[in-house]
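Just so it is clear, none of the values below were taken in a lab; they were calculated from the coordinates. Because the structure is a prediction, the values reported are computed rather than measured. Here the Cβ is made from the backbone with ideal geometry for all residues, glycine too, and neighbour counts use every protein chain on show.
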Amino acid sequence: MFLARRESVLHAKGWSSTVSVGSVLIFEGLPNHGGRGSPERESEVLLSLVASGLVSLSSWRGRVDRRRPYDDRLQLGVDRLSVACARRGLPAPTGVGDFVWEWCARRPMREWPLVFDPDAQVDGELLLIDSSPSEFCQEWVRASRDVVADVHESALVNHVKDVAKALGRPDLYAHWRMLLTGRTVLSAMEMVQQKNRFLDVPSWAVWLDESYEPVPPESTLNGKIVVCRRCRQWMSPDGDGQWTCPSWRCAAYRFGSVPELKPADGAHRLRADLVGYIALPGRPELEFAEGLAARGARVVMYPGFDALDAVATWPDGYAIGVDVKDWRNPFLLARSIKKFPDWSGKHPYAYSKGFIAVPQDRTRGRDGYLRILRKHSSALHDQPHVQVATVEELIQRCPSLGAPGEVTCGP
Ligand SMILES: [Zn+2]
């Protein structure tokens with residue numbers, strides 16, 4: 001009933017069909033507990049709506065642009081929040097601007113008149129931090145979408161996948177993702193070398209032309225491009241003229257306070273949207289794969305067009321299939337876990353154990369992270385053979401056999 005009502009509101013406001021589809025997915029992605037119309041369910045719908053409105057207002061760097069007109073989802077959020085305030089006798093936001101800057105940017109979730117499962121751990125969270133959607137805000141958006149659409153919002157990602165499928169070359173798709181993750185800045189010479197890697201596939205060079213862009217002069221410092229020493233990501237000056245890495249991990253650990261400077265002349269950098277969709281999420285996956293390879297495994301990345309992040313096989317035949325999940329909030333991660341592929345017997349990627357691997361720093365200071373993840377994931381309930389572990393724990397549990405293995409992209 002509520003879904004139908006909201007859909008009609010969206011259509012009345014002239015939203016495109018894409019947005020309507022997205023709004024349906026917001027509902028389908030929500031958990032089943034609580035039931036439709038329960039206070040928890042209504043609160044989650046409202047939070048998903050507002051979070052997606054805030055993210056749509058921001059650029060890839062995440063800063064909300066005060067000059068842009070507010071997204072209709074925020075007005076819907078204000079309307080619904082006003083009802084919740086009225087029920088509790090609280091003053092409601094006076095408009096969208098007040099809502100964005102006084103509520104989303106300053107009021108932690110515990111002060112909102114909403115009800116959440118305690119495992120959602122929303123209490124002290126803010127939706128905007130320094131005018132940017134917080135990680136908490138972004139994960140609400142990701143968790144509300146269809147799982148398959150998770151990191152594949154970029155049209156280029158879909159295009160590369162489609163062409164590689166048509167060519168029967170899943171390894172090309174995996175090579176492309178690995179290159180983008182590992183090399184976010186290329187000198188003129190490196191660009192030529194990379195474009196010539198697959199001369200039998202003319203599309204490969206076109207993909208690289210579309211993935212990388214010349215470094216714009218306003219993003220250089222004395223003719224140099226500024227690169228984070230830890231994650232190898234290019235950096236931009238912020239409003240105060242400070243150079244910052246877009247990775248929360250680098251900011252949290254204060255890595256890269258002295259960045260590396262590389263000549264900008266003729267250099268190319270990874271396109272900004274692909275930094276967010278591919279390079280930053282891909283780092284923990286690659287580092288994990290390198291950890292397994294150091295223990296003697298042959299690690300195939302993104303087998304079966306991303307059916308898993310990696311399948312690692314040791315010389316004695318032991319093999320595991322792994323999805324690396326780098327999420328801050330386990331309650332939201334729980335609903336993004338998908339079904340593991342059924343690869344066994346003579347399948348080139350046959351594995352005997354499946355794992356969800358979470359970087360250990362995500363679980364630090366988050367009470368019961370892995371317990372909450374197991375409790376709220378229906379996909380994990382349905383797949384008892386899939387275990388949950390931290391990345392570090394899983395690497396330690398794996399065999400360490402003989403010479404170092406390799407990280408690769410095909411059978
Ligand atoms: Zn960094």
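Before moving on, here are some points about what is shown:
- Across segment 277-408, the volume of the C-alpha convex hull divided among the residues equals 104 Å³ per residue.
- Given +1 at the Cβ of Lys and Arg, -1 at the Cβ of Asp and Glu and no other charges, the dipole of segment 277-408 around its Cα centre is 460 debye to the nearest 20.
- Along its first, second and third principal axes, ordered by size, segment 282-339 spans 37, 21, 18 Å in Cα coordinates.
- Using alpha carbons only: equivalent-ellipsoid semi-axes of segment 159-231, gyration tensor based, whole Å: 27, 13, 10
- Estimated distance in nm for a label pair at Leu221 and Asp79, the labels positioned 7 Å out from Cα along Cα-to-Cβ: 4.8
- Once the Cα-Cα distance is subtracted from the 0.36 nm per residue extended length, the Ala155 to Asp209 segment shows a gain of 18.0 nm.
- Label zone at Ala272, where the point sits 7 Å out along the Cα-to-Cβ direction: segment 223-254 residues whose backbone N lies under 16 Å: 226, 234-247
- With Cα atoms as the point set, the radius of gyration and Dmax of segment 207-255 evaluate to 12.0, 35 Å.
- Sequence ranges 128-134, 106-112, 332-338, ranked by mean other-Cβ count within 10 angstrom, highest first: 332-338, 128-134, 106-112
- Length released on extending from Glu287 to Ser400, taking residue separation times 0.36 nm less the Cα-Cα span: 39.0 nm
- The equivalent ellipsoid of segment 75-232 has semi-axes of 44, 21, 13 Å, largest first, where each one is the square root of 5 times an eigenvalue of the Cα gyration tensor.
- Linear extension gain, Glu135 paired with Ala252, 0.36 nm per residue minus alpha-carbon span: 40.8 nm
- Cα-based shape type of segment 346-411, given that a ≥ b ≥ c are square roots of the gyration tensor eigenvalues and the cut on a/c is 1.5: oblate
- Highest-first packing order for the peptide set 281-294, 85-98 is 281-294, 85-98, based on the mean count of other beta carbon atoms within 10 Å.
- Averaging over all projection directions, the Cα-based convex hull of segment 67-109 occupies 3.1 nm² in the image plane.
- Segment 336-365 and segment 201-238 have their alpha-carbon centroids 32 Å apart.
- Normalised alpha carbon radius of gyration of segment 239-344 [divisor 2.2 N^0.38 Å]: 1.35
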